[in-house]
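Here is the structure we will look at.
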Amino acid sequence: MKKPAVSQTFPRLTVFTEENFQGRSRIGRGNLGIRNLDNLDIESLRFFSTSSNATLVLFTRPNFQGNFRVFRGNRNIADLDDIIGGEDAESLISSNIRLTLSQIREIRRTGTLPPGFRAV
């Protein structure tokens, strides 16, 4: 018997090529990490989930490195410049589950996403 395919709808991450939610947009669904925001020319984003535990993590360096900032629940960020202590966001993780600070630090240390996450 064939296993049914599971389609994860949330969280929904919409990224834009210009500030203030302008320009081309792309939508990512499910738990994912974007290793380099510059490669996709991402300047603003909308993060939506039905779960209050949903976690958005922005990092100051590519590949989930550097300093990070954690957001819980839904978030609209009109400008990713200077969002982390005066530094730009260079990579991110979008999760429908609550990621703890220790889990985030482990991702930063190894550069590896947890099982069930896609890397872009």
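Where a number appears in this text, it was derived from the coordinates with a stated rule and is not lab data. Here the structure is a predicted model, which means the values were calculated and not measured. So basically every Cβ, Gly included, is an ideal-geometry build from the backbone, and we count neighbours across all protein chains shown.
Which one, (i) 1.30; (ii) 1.56; (iii) 1.02, gives Cα Rg over 2.2 N^0.38 Å as derived from the coordinates shown?
From the options (i) 1.30; (ii) 1.56; (iii) 1.02, the structure gives (iii).
Would you list 70, 57, 120 from fewest to most Cβ contacts within 10 Å?
Going from least to most buried by this count: 70, 120, 57.
Per DSSP H run of at least 4 residues, take -39500 (n - 2.57); add these up for the chain, divide by its residues and hand me the 222 nm value, nearest 500 deg cm²/dmol.
-2500 deg cm²/dmol
If Lys and Arg each add +1 and Asp and Glu each add -1, what is the summed charge of the other residues whose beta carbon sits under 11 Å from the beta carbon of residue 58?
Here the charged neighbours net out to 0.
Explain nothing, just the number: dipole magnitude of segment 12-111 about its Cα centre with +1 on each Lys and Arg Cβ and -1 on each Asp and Glu Cβ, in debye rounded to the nearest 20.
700
May I ask which residue of 68, 83, 30 lies farthest towards the positive end of the charge dipole of the chain, with charges of +1 (Lys, Arg) and -1 (Asp, Glu) on Cβ and the Cα centre as origin?
30
Could you compute the net charge surrounding residue 107? Neighbours are other residues with a C-beta less than 13 Å from the C-beta of residue 107; K and R count +1, D and E count -1.
Taking every Cβ under 13 Å from that of residue 107, the sum is +4.
For segment 12-111, what is the relative contact order in percent, using Cα pairs closer than 8 Å and at least 6 residues apart in sequence?
31
Could you give the dipole magnitude of segment 43-101 about its Cα centre, charging the beta-carbon of Lys and Arg +1 and that of Asp and Glu -1, in debye to the nearest 20?
For segment 43-101, the charge dipole is close to 460 debye.
Restrict the search to segment 49-119; then list the trypsin sites (Lys or Arg not before Pro) that DSSP places in a loop and that have at most 15 other Cβ atoms within 10 Å of their Cβ.
98
So, counting K/R as plus one and D/E as minus one, what does the shell of residues with Cβ under 13 Å around residue 90 add up to?
After counting each charged neighbour, the total is -3.
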